[in-house]
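The values are calculated or read from the model by the stated rules, or taken from the named source; none is laboratory data. As the structure is a prediction and not an experimental result, all values here were calculated from the model. Note that we place each Cβ from the backbone using ideal geometry, even for glycine, and neighbour counts take in every protein chain shown.
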(Lines give C-alpha, C1' and ligand atoms only; values in the text may rest on other atoms or scores of the structure.)
Protein backbone atom coordinates (compact mmCIF):
# COMPACT_ATOMS: atom_id res chain seq x y z
CA UNK A 1 0.00 0.00 0.00
CA UNK A 2 1.47 3.34 -1.04
CA UNK A 3 0.81 6.59 0.70
CA UNK A 4 0.96 9.60 -1.54
CA UNK A 5 1.58 12.97 -0.03
CA UNK A 6 0.96 16.07 -2.07
CA UNK A 7 2.14 19.52 -1.23
CA UNK A 8 -0.56 22.05 -0.69
CA UNK A 9 -0.80 24.34 -3.71
CA UNK A 10 -0.70 28.03 -3.01
CA UNK A 11 -3.58 30.00 -4.49
CA UNK A 12 -2.75 32.12 -7.54
CA UNK A 13 -2.36 35.81 -6.77
CA UNK A 14 -4.66 37.21 -9.44
CA UNK A 15 -4.39 40.79 -8.16
CA UNK A 16 -0.62 40.72 -8.61
CA UNK A 17 -0.86 39.25 -12.10
CA UNK A 18 -3.50 41.77 -13.22
CA UNK A 19 -1.48 44.61 -11.67
CA UNK A 20 1.68 43.53 -13.49
CA UNK A 21 -0.20 43.28 -16.80
CA UNK A 22 -1.68 46.76 -16.31
CA UNK A 23 1.74 48.26 -15.49
CA UNK A 24 3.39 46.58 -18.51
CA UNK A 25 0.56 47.76 -20.77
CA UNK A 26 0.88 51.32 -19.42
CA UNK A 27 4.64 51.31 -20.10
CA UNK A 28 4.15 50.12 -23.68
CA UNK A 29 1.31 52.55 -24.39
CA UNK A 30 3.25 55.43 -22.83
CA UNK A 31 6.33 54.53 -24.86
CA UNK A 32 4.29 54.45 -28.05
CA UNK A 33 2.83 57.90 -27.45
CA UNK A 34 6.17 59.28 -26.31
CA UNK A 35 8.37 57.97 -29.14
CA UNK A 36 6.19 56.98 -32.11
CA UNK A 37 3.15 59.27 -32.10
CA UNK A 38 3.59 62.47 -34.12
CA UNK A 39 3.69 65.45 -31.77
CA UNK A 40 1.33 67.90 -33.49
CA UNK A 41 0.88 69.91 -30.29
CA UNK A 42 4.50 71.08 -30.18
CA UNK A 43 4.01 73.49 -33.08
CA UNK A 44 1.18 75.22 -31.22
CA UNK A 45 3.04 75.42 -27.91
CA UNK A 46 6.20 77.11 -29.29
CA UNK A 47 6.29 80.81 -28.31
CA UNK A 48 6.57 83.37 -31.07
CA UNK A 49 9.98 84.52 -29.79
CA UNK A 50 11.40 81.05 -30.47
CA UNK A 51 10.00 81.01 -33.99
CA UNK A 52 12.56 83.69 -34.90
CA UNK A 53 15.29 81.11 -34.31
CA UNK A 54 14.26 79.45 -37.55
CA UNK A 55 15.46 82.53 -39.44
CA UNK A 56 18.79 82.43 -37.60
CA UNK A 57 19.20 78.74 -38.43
CA UNK A 58 18.84 79.54 -42.14
CA UNK A 59 21.88 81.87 -42.14
CA UNK A 60 24.83 80.55 -44.13
CA UNK A 61 28.30 80.96 -42.58
CA UNK A 62 31.37 81.26 -44.79
CA UNK A 63 34.56 80.90 -42.67
CA UNK A 64 36.83 81.75 -45.62
CA UNK A 65 35.26 85.19 -45.80
CA UNK A 66 36.09 85.79 -42.12
CA UNK A 67 39.65 84.47 -42.30
CA UNK A 68 40.46 86.51 -45.40
CA UNK A 69 39.11 89.78 -43.96
CA UNK A 70 41.48 92.67 -43.10
CA UNK A 71 40.16 92.83 -39.54
CA UNK A 72 41.02 89.19 -38.88
CA UNK A 73 44.48 89.61 -40.38
CA UNK A 74 45.16 92.67 -38.20
CA UNK A 75 44.71 90.64 -34.99
CA UNK A 76 47.86 89.94 -32.95
CA UNK A 77 48.65 86.97 -30.75
CA UNK A 78 49.31 88.10 -27.18
CA UNK A 79 49.38 84.65 -25.66
CA UNK A 80 52.50 83.18 -24.09
CA UNK A 81 53.54 79.55 -24.22
CA UNK A 82 52.76 77.61 -21.08
CA UNK A 83 55.60 76.64 -18.76
CA UNK A 84 54.76 73.15 -17.58
CA UNK A 85 56.11 72.10 -14.18
CA UNK A 86 58.25 68.96 -14.05
CA UNK A 87 56.30 65.75 -13.66
CA UNK A 88 56.64 63.83 -10.42
CA UNK A 89 59.51 64.00 -7.96
CA UNK A 90 63.19 63.53 -8.76
CA UNK A 91 63.35 60.47 -6.47
CA UNK A 92 59.91 58.84 -6.15
CA UNK A 93 61.15 56.38 -3.50
CA UNK A 94 62.35 59.07 -1.10
CA UNK A 95 59.84 59.66 1.77
CA UNK A 96 58.17 63.03 2.15
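Summary table
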read-out: Condition met for residue 27 (out of contact with any strand residue (DSSP E or B) (no Cβ under 9 Å at 6 or more places or on another chain), assigned to a helix (DSSP H, G or I) and modelled with pLDDT of 75 or more); value: yes
read-out: Candidates 45, 22, filtered to the one that is modelled with pLDDT of 85 or more and under 39 Å from the mean Cα position of the chain (by Cα); value: 22
read-out: Qualifying residue in the stretch 63-73 (condition: surrounded by 10 or more Cβ atoms within 10 Å (Cβ to Cβ), modelled with pLDDT of 90 or more and outside any loop (DSSP other than H, G, I, E, B)); value: yes
